[in-house]
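Here the structure is laid out as structure tokens; the discussion comes afterwards.
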Amino acid sequence: GQNIDQPTEMTATEGAIVQINCTYQTSGFNGLFWYQQHAGEAPTFLSYNVLDGLEEKGRFSSFLSRSKGYSYLLLKELQMKDSASYLCAVSSNDYKLSFGAGTTVTVRA
Amino acid sequence: IAGITQAPTSQILAAGRRMTLRCTQDMRHNAMYWYRQDLGLGLRLIHYSNTAGTTGKGEVPDGYSVSRANTDDFPLTLASAVPSQTSVYFCASSPGLAGSDTQYFGPGTRLTVL
């Protein structure tokens, strides 16, 4: 099975930057996903990393280090609408996704 | 229909009753999945199907069954509901296998078993 750890909660101010870390231990590795989930809604895809390095998509970036079993999601220029849970998910050799418990980000004015 | 839909939106069920949660997608995706989401535990895979006619067990399959008679539909059945099955259930689909493809989630079904 997979062991995926991410912080439970983070709080930041509007306009600031927040970095959400995710560490994982997995039997084989086929990629790491980040999803966003607003309260009471379905998760939606944010990013996918399969190779080491940084992937940038507008205000959101995701980084992966396979040797360290580590990823982070960087949210820049925070907006109130970014208040949500952010889910780290790892795909292992059997091509199933295992999700972390999620990090709830609260953006304050 | 646009995307992936689930029914019902919410349900209160007496323990011991049988219940089927419905999931339909119109994106012609090959793979479909059922997850449950509980506070503090995140999303856990119940069952999956890589293509019509095939199904597989996920992390927490006990007490649940699925079928995949065609590409679009992937119902989840609780044969005899128990209170520990109280949860939010999400259906998802992806064009290919989960490991290399984005999953698209339905709006969820909130199930309470009393």
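The values are calculated or read from the model by the stated rules, or taken from the named source; none is laboratory data. Note that the structure is predicted; figures quoted are calculated from it, not measured. Positions of Cβ are backbone-derived with ideal geometry, glycine not excepted, and every protein chain shown enters the neighbour counts. Only protein heavy atoms, including side chains, enter the accessible area calculation; ligands, DNA and RNA are left aside. Shrake-Rupley method; radii C 1.70, N 1.55, O 1.52, S 1.80 Å.
Every condition in (1) within 14 Å of residue B:4 (Cβ to Cβ); (2) away from chain A (no Cβ under 14 Å); (3) assigned to a strand (DSSP E or B); (4) not acidic (Asp, Glu) is met by residue B:28 except one, and the failing one is (3). Looking across A:83, A:71, A:67, A:91, one residue alone is more than 14 Å from every other protein chain (Cβ to nearest Cβ), within 14 Å of the chain's Cα centre (by Cα), among the polar types (S, T, N, Q) and farther than 24 Å from residue A:109 by Cα. It is A:71.
Just the residues that are within 11 Å of another protein chain (Cβ to nearest Cβ), surrounded by fewer than 19 Cβ atoms within 10 Å (Cβ to Cβ) and of a type in the set (D, E, K, R), please, taken from the stretch B:62-114. Listed by number, the list holds a single entry, B:110.
Working only within the stretch B:31-54, note down all residues that are under 16 Å from residue A:92 (Cβ atoms), assigned to a strand (DSSP E or B) and open to solvent by 20 Å² or more (accessible area, probe 1.4 Å). Matches in the stretch B:31-54: B:44, B:48. Report whether or not residue A:67 is small (Gly, Ala, Ser) and farther than 16 Å from residue A:13 by Cβ. It is true that residue A:67 is small (Gly, Ala, Ser) and farther than 16 Å from residue A:13 by Cβ.
Cβ-Cβ contacts under 8 Å between residues 6 or more apart (or on different chains), taken from a first residue in the stretch A:49-61 that is at pLDDT 95 or above to a second residue that is surrounded by fewer than 13 Cβ atoms within 10 Å (Cβ to Cβ) and not polar (S, T, N, Q), are listed as A:59/A:77; A:61/A:54.
In summary, strands (runs of 3 or more DSSP E) completely within the stretch B:55-114 and bearing 2 or more residues that are at negative phi and β-branched (Val, Ile, Thr) occur at B:109-113. Here the stretch A:43-54 is the region considered, the condition is being over 17 Å from residue B:90 (Cβ atoms) and within 12 Å of the chain's Cα centre (by Cα), and the residue that is most open to solvent (accessible area, probe 1.4 Å) is A:48. Scan the stretch B:8-16 and give yes if some residue there is in a loop (DSSP other than H, G, I, E, B), within 14 Å of chain A (Cβ to nearest Cβ) and open to solvent by 10 Å² or more (accessible area, probe 1.4 Å), otherwise no. Yes, that holds for at least one residue.
Across the stretch A:1-33, which residue is most open to solvent (accessible area, probe 1.4 Å) among those that are of a type in the set (A, V, I, L, M, F, W, C), touching a strand residue (DSSP E or B) at 6+ places or on another chain (Cβ under 6 Å) and farther than 20 Å from residue B:59 by Cα? Step by step, filter the stretch A:1-33, then rank; the result is A:10.
Pairs linking a residue in the stretch A:19-31 that is within 15 Å of residue A:9 (Cα to Cα) and within 12 Å of chain B (Cβ to nearest Cβ) to a residue that is part of a loop (DSSP other than H, G, I, E, B) and open to solvent by less than 20 Å² (accessible area, probe 1.4 Å), with Cβ atoms under 9 Å and 6 or more positions apart or on different chains, are A:22/A:100.
Of all the criteria given as (1) over 13 Å from the mean Cα position of the chain (by Cα); (2) under 17 Å from residue A:102 (Cβ atoms); (3) surrounded by fewer than 17 Cβ atoms within 10 Å (Cβ to Cβ); (4) at pLDDT 95 or above, the one not satisfied by residue A:40 is (4).
Report whether or not residue A:46 is closer than 12 Å to residue A:20 by Cβ, in contact (Cβ under 8 Å) with a residue 40 or more places away in the chain and away from every other protein chain (no Cβ under 14 Å). No; evaluated as a whole, the condition is false for this residue.
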